[in-house]
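Report on the following structure.
The values are calculated or read from the model by the stated rules, or taken from the named source; none is laboratory data. None of the values given here were measured: they were computed from a predicted structure. Cβ sites come from the backbone with ideal geometry, for glycine too, and all protein chains shown count toward neighbours.
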Amino acid sequence: MSTPCRRRLMRDFKRLQSDPPGGVSGAPCPDNIMLWNAVIFGPADTPFEDGTFKLVLQFDETYPNKPPTVKFISRMFHPNVYASGELCLDILQNRWSPTYDVAAILTSIQSLLHDPNPNSPANVEAATLYRENRKEYVRRVRETVEESWIG
Amino acid sequence: MTSEQQTTPTGKEASVDVSDEQILAFEQEVKDAEARERPLIGELEPLSALYSEYERGSPVFCEKIKALDREYQGFRRCRGDGNCFFRAFAFAWFESALSGDDTTLERIRQRLTATKQQLLDVGFDWVALEDFYDMTVELLEMVARQRGQTLTEAATLSNELRLGFVSEQGVYSNAAVVHLRMVASAYLRAHADDYLPFLELATSMDQYCAQHVEAFGRESEEIHIIALTKALRSIVNVVYLDGSTANDGRVSVHPFDGTENATDATPAITLLYRPGHYDILYNRTAA
(Lines give C-alpha, C1' and ligand atoms only; values in the text may rest on other atoms or scores of the structure.)
Protein backbone atom coordinates (compact mmCIF):
# COMPACT_ATOMS: atom_id res chain seq x y z
CA MET A 1 0.00 0.00 0.00
CA SER A 2 1.28 3.44 -0.87
CA THR A 3 1.16 5.82 2.05
CA PRO A 4 2.91 9.19 2.34
CA CYS A 5 5.48 7.52 4.57
CA ARG A 6 6.20 4.74 2.06
CA ARG A 7 6.35 7.14 -0.87
CA ARG A 8 8.81 9.25 1.04
CA LEU A 9 10.96 6.22 1.90
CA MET A 10 11.09 5.25 -1.78
CA ARG A 11 12.29 8.77 -2.57
CA ASP A 12 14.86 8.60 0.21
CA PHE A 13 16.14 5.34 -1.27
CA LYS A 14 16.34 6.74 -4.79
CA ARG A 15 18.18 9.78 -3.52
CA LEU A 16 20.62 7.66 -1.55
CA GLN A 17 21.37 5.66 -4.70
CA SER A 18 21.60 8.51 -7.17
CA ASP A 19 23.45 10.98 -4.96
CA PRO A 20 25.15 8.94 -2.23
CA PRO A 21 26.95 10.89 0.50
CA GLY A 22 30.51 9.70 1.13
CA GLY A 23 31.10 7.05 3.74
CA VAL A 24 27.54 5.88 4.34
CA SER A 25 25.24 3.42 2.65
CA GLY A 26 21.79 2.11 3.37
CA ALA A 27 18.89 0.22 1.85
CA PRO A 28 15.49 -1.07 2.92
CA CYS A 29 15.02 -4.79 3.52
CA PRO A 30 13.79 -6.43 0.29
CA ASP A 31 10.49 -7.45 1.89
CA ASN A 32 9.99 -4.53 4.28
CA ILE A 33 10.49 -0.92 3.28
CA MET A 34 9.94 0.18 6.89
CA LEU A 35 13.12 -1.55 8.04
CA TRP A 36 16.49 -0.40 6.70
CA ASN A 37 20.02 -1.71 7.09
CA ALA A 38 22.80 0.81 6.89
CA VAL A 39 26.57 0.97 7.19
CA ILE A 40 28.65 3.92 8.32
CA PHE A 41 32.33 3.80 7.50
CA GLY A 42 34.49 5.26 10.24
CA PRO A 43 35.59 8.75 9.16
CA ALA A 44 39.26 9.22 8.26
CA ASP A 45 41.51 10.88 10.87
CA THR A 46 39.34 9.63 13.72
CA PRO A 47 39.83 6.54 15.90
CA PHE A 48 36.87 5.05 14.02
CA GLU A 49 38.77 5.10 10.68
CA ASP A 50 38.38 1.90 8.64
CA GLY A 51 35.51 0.62 10.78
CA THR A 52 32.36 -0.62 9.07
CA PHE A 53 29.60 -0.02 11.58
CA LYS A 54 26.21 -1.54 10.92
CA LEU A 55 22.91 0.02 11.95
CA VAL A 56 19.21 -0.62 11.60
CA LEU A 57 16.60 2.08 11.07
CA GLN A 58 13.01 1.24 11.95
CA PHE A 59 10.35 3.54 10.46
CA ASP A 60 6.66 3.75 11.20
CA GLU A 61 3.81 5.60 9.53
CA THR A 62 4.56 8.79 11.45
CA TYR A 63 7.74 9.30 9.36
CA PRO A 64 8.75 11.93 8.26
CA ASN A 65 6.89 13.82 10.99
CA LYS A 66 8.71 11.76 13.57
CA PRO A 67 12.21 10.34 13.31
CA PRO A 68 12.87 6.62 12.87
CA THR A 69 14.33 4.50 15.65
CA VAL A 70 18.02 4.13 14.90
CA LYS A 71 20.28 1.57 16.51
CA PHE A 72 23.83 0.34 15.98
CA ILE A 73 24.09 -3.42 15.49
CA SER A 74 27.88 -3.34 15.64
CA ARG A 75 29.29 -2.92 19.13
CA MET A 76 30.27 0.72 19.64
CA PHE A 77 32.49 2.51 22.10
CA HIS A 78 31.38 6.12 21.83
CA PRO A 79 30.31 8.74 24.40
CA ASN A 80 26.89 9.14 22.79
CA VAL A 81 25.99 5.53 22.04
CA TYR A 82 24.29 3.39 24.68
CA ALA A 83 25.30 -0.21 25.35
CA SER A 84 22.07 -1.20 23.57
CA GLY A 85 23.32 0.49 20.40
CA GLU A 86 20.79 3.31 20.68
CA LEU A 87 22.07 6.81 20.09
CA CYS A 88 21.87 10.05 21.93
CA LEU A 89 21.59 12.45 19.01
CA ASP A 90 19.45 15.58 19.13
CA ILE A 91 18.10 15.35 15.60
CA LEU A 92 16.74 11.88 16.40
CA GLN A 93 14.96 13.25 19.44
CA ASN A 94 13.75 16.73 20.18
CA ARG A 95 15.43 18.54 17.27
CA TRP A 96 13.93 16.46 14.51
CA SER A 97 12.78 18.13 11.30
CA PRO A 98 10.85 16.29 8.57
CA THR A 99 13.32 17.76 6.09
CA TYR A 100 15.92 15.22 7.27
CA ASP A 101 15.96 12.17 5.05
CA VAL A 102 17.85 8.90 5.47
CA ALA A 103 20.98 10.35 3.86
CA ALA A 104 20.91 13.28 6.30
CA ILE A 105 20.37 10.97 9.29
CA LEU A 106 23.31 8.79 8.32
CA THR A 107 25.66 11.71 7.68
CA SER A 108 24.67 13.24 11.04
CA ILE A 109 25.58 9.99 12.78
CA GLN A 110 28.83 9.93 10.84
CA SER A 111 29.70 13.39 12.09
CA LEU A 112 28.81 12.30 15.62
CA LEU A 113 31.64 9.76 15.31
CA HIS A 114 33.84 12.67 14.34
CA ASP A 115 32.71 15.00 17.12
CA PRO A 116 31.48 13.19 20.22
CA ASN A 117 29.63 15.29 22.76
CA PRO A 118 31.00 14.20 26.15
CA ASN A 119 28.62 16.56 27.96
CA SER A 120 25.61 14.39 27.28
CA PRO A 121 27.06 10.94 27.76
CA ALA A 122 25.19 7.75 26.93
CA ASN A 123 28.31 5.76 27.75
CA VAL A 124 29.89 7.32 30.84
CA GLU A 125 33.08 5.30 30.57
CA ALA A 126 33.65 6.34 26.97
CA ALA A 127 32.90 9.97 27.83
CA THR A 128 35.30 9.95 30.78
CA LEU A 129 38.10 8.34 28.80
CA TYR A 130 37.46 10.72 25.90
CA ARG A 131 38.01 13.67 28.24
CA GLU A 132 40.69 12.33 30.54
CA ASN A 133 42.60 9.55 28.85
CA ARG A 134 42.44 9.98 25.11
CA LYS A 135 45.04 7.25 24.50
CA GLU A 136 42.96 4.62 26.25
CA TYR A 137 39.82 5.91 24.55
CA VAL A 138 41.44 5.44 21.14
CA ARG A 139 42.59 1.94 22.09
CA ARG A 140 39.06 0.93 23.13
CA VAL A 141 37.58 2.39 19.96
CA ARG A 142 40.13 0.54 17.83
CA GLU A 143 38.95 -2.71 19.41
CA THR A 144 35.45 -2.06 18.12
CA VAL A 145 36.86 -1.15 14.69
CA GLU A 146 38.51 -4.55 14.45
CA GLU A 147 35.36 -6.29 15.67
CA SER A 148 33.35 -4.46 13.02
CA TRP A 149 35.23 -6.28 10.24
CA ILE A 150 34.16 -9.67 11.58
CA GLY A 151 30.63 -9.04 12.86
CA MET B 1 4.15 2.37 33.77
CA THR B 2 5.17 -1.19 33.00
CA SER B 3 3.54 -4.15 34.69
CA GLU B 4 6.84 -4.96 36.32
CA GLN B 5 6.88 -1.60 38.09
CA GLN B 6 3.32 -1.99 39.20
CA THR B 7 3.97 -5.32 40.89
CA THR B 8 7.11 -4.14 42.67
CA PRO B 9 6.39 -4.12 46.39
CA THR B 10 6.34 -0.68 47.92
CA GLY B 11 9.05 0.23 50.38
CA LYS B 12 11.83 -0.09 47.88
CA GLU B 13 13.42 3.27 47.42
CA ALA B 14 12.30 4.91 44.25
CA SER B 15 15.00 6.07 41.89
CA VAL B 16 15.16 9.83 41.64
CA ASP B 17 17.46 9.76 38.64
CA VAL B 18 15.52 10.75 35.59
CA SER B 19 17.44 10.47 32.36
CA ASP B 20 17.14 12.87 29.44
CA GLU B 21 15.53 10.05 27.50
CA GLN B 22 12.83 9.64 30.14
CA ILE B 23 12.11 13.36 30.11
CA LEU B 24 11.87 13.35 26.32
CA ALA B 25 9.67 10.26 26.37
CA PHE B 26 7.39 11.96 28.89
CA GLU B 27 7.15 15.14 26.81
CA GLN B 28 6.32 13.01 23.78
CA GLU B 29 3.67 11.16 25.76
CA VAL B 30 2.00 14.45 26.73
CA LYS B 31 1.94 15.54 23.08
CA ASP B 32 0.64 12.14 21.92
CA ALA B 33 -2.11 12.24 24.54
CA GLU B 34 -3.18 15.68 23.31
CA ALA B 35 -3.07 14.38 19.73
CA ARG B 36 -5.48 11.57 20.56
CA GLU B 37 -8.15 13.88 21.88
CA ARG B 38 -7.80 17.05 19.82
CA PRO B 39 -8.05 17.36 16.04
CA LEU B 40 -5.29 19.29 14.24
CA ILE B 41 -7.80 22.05 13.49
CA GLY B 42 -11.17 22.16 15.25
CA GLU B 43 -14.62 23.41 14.29
CA LEU B 44 -15.55 27.04 14.77
CA GLU B 45 -16.77 27.39 18.36
CA PRO B 46 -18.28 30.32 20.24
CA LEU B 47 -16.10 31.81 22.97
CA SER B 48 -18.67 30.70 25.52
CA ALA B 49 -17.22 27.19 25.01
CA LEU B 50 -13.95 28.55 26.35
CA TYR B 51 -15.72 30.35 29.19
CA SER B 52 -17.04 27.12 30.65
CA GLU B 53 -13.46 25.84 30.95
CA TYR B 54 -12.46 28.74 33.17
CA GLU B 55 -15.75 29.25 35.00
CA ARG B 56 -14.53 27.73 38.22
CA GLY B 57 -11.02 29.08 37.77
CA SER B 58 -9.51 32.48 37.39
CA PRO B 59 -11.98 35.40 37.45
CA VAL B 60 -9.47 37.43 35.43
CA PHE B 61 -9.69 34.91 32.59
CA CYS B 62 -13.48 34.85 32.82
CA GLU B 63 -13.78 38.62 32.52
CA LYS B 64 -11.42 38.63 29.56
CA ILE B 65 -13.30 35.85 27.80
CA LYS B 66 -16.57 37.77 28.24
CA ALA B 67 -14.93 40.80 26.64
CA LEU B 68 -13.63 38.67 23.77
CA ASP B 69 -17.07 37.19 23.25
CA ARG B 70 -18.44 40.67 22.61
CA GLU B 71 -15.80 41.41 20.04
CA TYR B 72 -15.19 38.09 18.30
CA GLN B 73 -17.51 35.70 16.58
CA GLY B 74 -15.69 32.59 17.73
CA PHE B 75 -12.50 30.60 17.70
CA ARG B 76 -11.04 27.45 16.27
CA ARG B 77 -8.89 25.24 18.44
CA CYS B 78 -5.59 23.96 17.12
CA ARG B 79 -3.81 20.91 18.45
CA GLY B 80 -1.14 21.74 21.03
CA ASP B 81 1.60 19.69 19.41
CA GLY B 82 4.21 22.44 19.38
CA ASN B 83 3.24 23.35 15.81
CA CYS B 84 0.08 25.27 16.73
CA PHE B 85 1.34 28.71 15.69
CA PHE B 86 2.45 27.57 12.24
CA ARG B 87 -0.62 25.41 11.65
CA ALA B 88 -3.00 28.12 12.87
CA PHE B 89 -1.26 30.64 10.62
CA ALA B 90 -1.42 28.35 7.58
CA PHE B 91 -5.10 27.62 8.10
CA ALA B 92 -6.12 31.23 8.70
CA TRP B 93 -3.98 32.43 5.78
CA PHE B 94 -5.54 29.96 3.35
CA GLU B 95 -8.97 30.63 4.79
CA SER B 96 -8.52 34.32 3.97
CA ALA B 97 -7.66 33.28 0.41
CA LEU B 98 -10.87 31.27 0.37
CA SER B 99 -13.16 34.05 1.54
CA GLY B 100 -11.27 37.01 0.09
CA ASP B 101 -11.48 38.57 -3.35
CA ASP B 102 -9.35 37.64 -6.38
CA THR B 103 -6.67 40.17 -5.45
CA THR B 104 -6.28 38.58 -2.04
CA LEU B 105 -5.93 35.11 -3.52
CA GLU B 106 -3.41 36.36 -6.06
CA ARG B 107 -1.34 38.10 -3.38
CA ILE B 108 -1.28 35.03 -1.18
CA ARG B 109 -0.34 32.85 -4.15
CA GLN B 110 2.43 35.28 -5.08
CA ARG B 111 3.75 35.42 -1.48
CA LEU B 112 3.75 31.63 -1.26
CA THR B 113 5.52 31.00 -4.57
CA ALA B 114 8.09 33.68 -3.72
CA THR B 115 9.18 31.60 -0.74
CA LYS B 116 10.92 29.11 -3.03
CA GLN B 117 13.52 31.70 -3.97
CA GLN B 118 13.84 32.81 -0.32
CA LEU B 119 14.78 29.25 0.65
CA LEU B 120 17.21 28.89 -2.24
CA ASP B 121 18.82 32.24 -1.42
CA VAL B 122 20.01 31.04 1.98
CA GLY B 123 21.45 27.89 0.45
CA PHE B 124 18.90 25.29 1.56
CA ASP B 125 19.03 21.98 -0.27
CA TRP B 126 15.94 22.10 -2.48
CA VAL B 127 15.72 18.32 -2.88
CA ALA B 128 15.01 18.06 0.83
CA LEU B 129 12.38 20.80 0.78
CA GLU B 130 10.49 20.57 -2.49
CA ASP B 131 7.92 18.02 -1.31
CA PHE B 132 6.79 20.29 1.50
CA TYR B 133 6.65 23.31 -0.78
CA ASP B 134 4.75 21.41 -3.47
CA MET B 135 2.16 20.12 -1.02
CA THR B 136 1.65 23.59 0.44
CA VAL B 137 1.10 25.02 -3.04
CA GLU B 138 -1.27 22.14 -3.78
CA LEU B 139 -3.25 22.99 -0.67
CA LEU B 140 -3.59 26.60 -1.82
CA GLU B 141 -4.68 25.48 -5.29
CA MET B 142 -7.32 23.30 -3.68
CA VAL B 143 -8.58 26.48 -2.03
CA ALA B 144 -8.44 28.37 -5.34
CA ARG B 145 -10.55 25.74 -7.11
CA GLN B 146 -13.26 25.99 -4.49
CA ARG B 147 -13.53 29.74 -4.65
CA GLY B 148 -15.64 29.78 -7.79
CA GLN B 149 -18.54 28.50 -5.75
CA THR B 150 -20.97 30.80 -4.05
CA LEU B 151 -19.49 32.56 -1.07
CA THR B 152 -22.66 32.33 0.95
CA GLU B 153 -21.40 28.84 1.60
CA ALA B 154 -18.24 30.21 3.22
CA ALA B 155 -18.69 28.10 6.34
CA THR B 156 -19.02 24.92 4.29
CA LEU B 157 -15.93 25.79 2.29
CA SER B 158 -13.96 26.46 5.47
CA ASN B 159 -15.03 23.08 6.64
CA GLU B 160 -13.70 21.51 3.46
CA LEU B 161 -10.44 23.32 3.98
CA ARG B 162 -10.42 21.90 7.49
CA LEU B 163 -10.83 18.42 6.04
CA GLY B 164 -7.88 19.11 3.75
CA PHE B 165 -5.89 20.06 6.83
CA VAL B 166 -6.75 17.02 8.90
CA SER B 167 -7.03 14.32 6.20
CA GLU B 168 -4.42 11.59 5.80
CA GLN B 169 -3.23 12.18 9.34
CA GLY B 170 -2.64 15.82 8.51
CA VAL B 171 -0.08 15.11 5.80
CA TYR B 172 -0.88 18.33 3.93
CA SER B 173 -1.04 20.64 6.90
CA ASN B 174 2.11 19.05 8.33
CA ALA B 175 3.81 19.82 5.03
CA ALA B 176 2.62 23.42 5.32
CA VAL B 177 3.97 23.57 8.88
CA VAL B 178 7.36 22.28 7.74
CA HIS B 179 7.44 24.68 4.81
CA LEU B 180 6.52 27.74 6.89
CA ARG B 181 9.10 26.77 9.49
CA MET B 182 11.74 26.73 6.77
CA VAL B 183 10.48 30.10 5.47
CA ALA B 184 10.79 31.63 8.96
CA SER B 185 14.23 30.05 9.33
CA ALA B 186 15.38 31.39 5.96
CA TYR B 187 14.25 34.88 6.94
CA LEU B 188 16.16 34.78 10.23
CA ARG B 189 19.27 33.36 8.56
CA ALA B 190 19.15 36.08 5.92
CA HIS B 191 18.78 38.76 8.64
CA ALA B 192 20.99 37.16 11.29
CA ASP B 193 22.73 40.42 12.18
CA ASP B 194 19.41 42.07 13.04
CA TYR B 195 18.02 39.29 15.21
CA LEU B 196 20.91 37.37 16.75
CA PRO B 197 21.54 40.05 19.43
CA PHE B 198 18.04 39.33 20.81
CA LEU B 199 18.62 35.60 21.16
CA GLU B 200 20.36 35.32 24.49
CA LEU B 201 21.11 31.63 24.49
CA ALA B 202 22.00 31.19 20.85
CA THR B 203 25.60 31.05 19.74
CA SER B 204 24.79 31.35 16.06
CA MET B 205 21.71 31.92 13.96
CA ASP B 206 22.23 28.65 12.10
CA GLN B 207 22.22 26.76 15.37
CA TYR B 208 19.20 28.65 16.70
CA CYS B 209 17.22 28.02 13.54
CA ALA B 210 18.09 24.32 13.38
CA GLN B 211 17.16 23.78 17.00
CA HIS B 212 14.22 26.10 17.55
CA VAL B 213 12.68 27.05 14.22
CA GLU B 214 13.11 24.13 11.83
CA ALA B 215 12.65 21.41 14.44
CA PHE B 216 9.15 20.01 14.04
CA GLY B 217 7.08 20.44 17.18
CA ARG B 218 9.24 23.13 18.78
CA GLU B 219 7.06 25.81 20.35
CA SER B 220 7.03 29.21 18.71
CA GLU B 221 8.01 32.46 20.31
CA GLU B 222 7.64 36.04 19.18
CA ILE B 223 10.67 35.78 16.93
CA HIS B 224 8.98 33.03 14.91
CA ILE B 225 5.97 35.28 14.35
CA ILE B 226 8.13 38.26 13.42
CA ALA B 227 10.13 36.16 10.93
CA LEU B 228 7.11 34.59 9.28
CA THR B 229 5.09 37.81 8.97
CA LYS B 230 8.12 39.63 7.53
CA ALA B 231 8.90 36.83 5.06
CA LEU B 232 5.29 36.65 3.85
CA ARG B 233 4.60 40.37 4.32
CA SER B 234 1.51 39.59 6.32
CA ILE B 235 -0.13 40.82 9.51
CA VAL B 236 -0.82 38.74 12.60
CA ASN B 237 -2.65 40.17 15.59
CA VAL B 238 -2.06 38.16 18.73
CA VAL B 239 -4.76 38.53 21.38
CA TYR B 240 -3.30 37.68 24.78
CA LEU B 241 -5.56 35.77 27.13
CA ASP B 242 -3.53 35.50 30.29
CA GLY B 243 -3.83 36.13 34.02
CA SER B 244 -2.33 39.59 33.82
CA THR B 245 -4.31 42.37 35.48
CA ALA B 246 -2.23 45.12 33.93
CA ASN B 247 -4.08 47.43 31.57
CA ASP B 248 -7.13 47.32 33.93
CA GLY B 249 -7.54 43.63 33.19
CA ARG B 250 -8.32 44.32 29.57
CA VAL B 251 -7.21 41.89 26.89
CA SER B 252 -4.07 43.14 25.20
CA VAL B 253 -3.50 42.79 21.50
CA HIS B 254 -0.01 42.66 20.00
CA PRO B 255 0.17 43.39 16.30
CA PHE B 256 2.94 41.83 14.20
CA ASP B 257 2.95 43.76 10.96
CA GLY B 258 5.36 42.39 8.37
CA THR B 259 4.11 44.53 5.50
CA GLU B 260 6.34 47.12 3.91
CA ASN B 261 3.54 49.20 2.55
CA ALA B 262 -0.08 48.90 3.48
CA THR B 263 -1.41 48.91 -0.06
CA ASP B 264 -0.54 45.30 -0.86
CA ALA B 265 -1.46 43.83 2.53
CA THR B 266 -3.28 40.54 2.82
CA PRO B 267 -6.07 40.25 5.40
CA ALA B 268 -4.79 40.31 8.98
CA ILE B 269 -4.87 37.02 10.84
CA THR B 270 -6.00 37.05 14.47
CA LEU B 271 -4.70 34.44 16.86
CA LEU B 272 -5.77 33.82 20.44
CA TYR B 273 -2.77 33.24 22.68
CA ARG B 274 -2.99 31.49 25.99
CA PRO B 275 0.38 30.92 27.65
CA GLY B 276 2.07 28.26 25.52
CA HIS B 277 -0.66 27.90 22.93
CA TYR B 278 -2.24 29.51 19.85
CA ASP B 279 -5.78 29.15 18.47
CA ILE B 280 -7.48 31.06 15.65
CA LEU B 281 -9.87 33.93 16.44
CA TYR B 282 -12.62 35.25 14.17
CA ASN B 283 -13.85 38.83 14.10
CA ARG B 284 -17.56 39.49 14.25
CA THR B 285 -17.57 41.27 10.92
CA ALA B 286 -15.78 38.69 8.75
CA ALA B 287 -16.44 34.97 9.07
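Here are some notes:
- Some residue of segment A:68-76 being in contact with a Pro (Cβ under 6 Å, 6 or more places away or on another chain) and within 14 Å of chain B (Cβ to nearest Cβ): no
- Residue within segment B:70-87 that is under 26 Å from B:Q169 (Cβ atoms), of a type in the set (F, W, Y) and in a helix (DSSP H, G or I) present: yes
- Test: residue in segment B:139-146 that is of a type in the set (K, R) and over 24 Å from B:L44 (Cα atoms): no
- Any chance B:A227 is free of Cβ contacts under 8 Å to residues at least 60 places away in the same chain and touching a Gly at 6+ places or on another chain (Cβ under 9 Å): yes
- Once segment A:67-87 is narrowed to residues that are surrounded by 14 or more Cβ atoms within 10 Å (Cβ to Cβ) and hydroxyl-bearing (S, T, Y), the residue that is nearest to A:I40 (Cα to Cα) is A:S74.
Quick grid of which residues meet (1) more than 17 Å from B:N174 (Cα to Cα); (2) under 21 Å from the mean Cα position of the chain (by Cα); (3) surrounded by 17 or more Cβ atoms within 10 Å (Cβ to Cβ):
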| residue | (1), (2), (3) |
| --- | --- |
| B:S99 | yes, yes, yes |
| B:L105 | yes, yes, yes |
| B:A128 | no, no, yes |
| B:D131 | no, yes, yes |
| B:V137 | no, yes, yes |
| B:L140 | no, yes, yes |
| B:R145 | yes, no, no |
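- Candidates A:N94, A:N133, A:N119: the one that is free of Cβ contacts under 8 Å to residues at least 12 places away in the same chain, farther than 27 Å from B:A128 by Cα and within 14 Å of chain B (Cβ to nearest Cβ) is A:N119.
- Qualifying residue in segment B:194-201 (condition: closer than 20 Å to B:W93 by Cα, touching a helix residue (DSSP H, G or I) at 6+ places or on another chain (Cβ under 7 Å) and assigned by TED's automatic domain parsing to the domain that holds B:T156): no
- The lone exception for A:T107 - which of (1) touching a Leu at 6+ places or on another chain (Cβ under 7 Å); (2) within 12 Å of another protein chain (Cβ to nearest Cβ); (3) in a helix (DSSP H, G or I) it fails: (1)
- Single residue of B:D242, B:D248, B:D279 found to be assigned to a helix (DSSP H, G or I), in the same structural domain as B:K66 (by TED's automatic domain parsing) and among the charged types (D, E, K, R): B:D248
- Number of residues in segment B:164-201 that are touching a Pro at 6+ places or on another chain (Cβ under 8 Å) and of a type in the set (D, E) equals 1.
- Some residue of segment B:155-169 being among the β-branched types (V, I, T), assigned by TED's automatic domain parsing to the domain that holds B:R233 and loosely packed, with under 13 Cβ neighbours inside 10 Å: yes
- Test: residue in segment A:138-147 that is of a type in the set (A, V, I, L, M), within 14 Å of chain B (Cβ to nearest Cβ) and surrounded by 14 or more Cβ atoms within 10 Å (Cβ to Cβ): no
- Complete set of residues in segment A:7-38 that are surrounded by 13 or more Cβ atoms within 10 Å (Cβ to Cβ), assigned to a loop (DSSP other than H, G, I, E, B) and away from every other protein chain (no Cβ under 14 Å): A:G23
- If the condition is being within 12 Å of chain A (Cβ to nearest Cβ), of a type outside the set (S, T, N, Q) and within 11 Å of B:N83 (Cα to Cα), then segment B:174-223 contributes B:A176, B:V177, B:V178, B:R181, B:V213, B:E214, B:A215, B:F216, B:G217, B:R218, B:E219.
- Take the conditions (1) in a strand (DSSP E or B); (2) in contact (Cβ under 8 Å) with a residue 24 or more places away in the chain; (3) among the charged types (D, E, K, R); A:K71 misses just one of them, which is (2).
- Taken over segment A:43-66, the residue count meeting the criterion of being surrounded by 15 or more Cβ atoms within 10 Å (Cβ to Cβ), within 12 Å of chain B (Cβ to nearest Cβ) and in contact with a strand residue (DSSP E or B) (Cβ under 9 Å, 6 or more places away or on another chain) is 1.
- For B:V177, the stated conditions hold: it is assigned to a helix (DSSP H, G or I) and within 18 Å of B:R77 (Cα to Cα).
- B:F86 meets the stated requirement of being surrounded by 17 or more Cβ atoms within 10 Å (Cβ to Cβ) and within 14 Å of chain A (Cβ to nearest Cβ).
- For segment A:101-151, filtered to residues that are of a type in the set (S, T, N, Q) and touching a Gly at 6+ places or on another chain (Cβ under 9 Å), the residue that is nearest to A:F48 (Cα to Cα) is A:T144.
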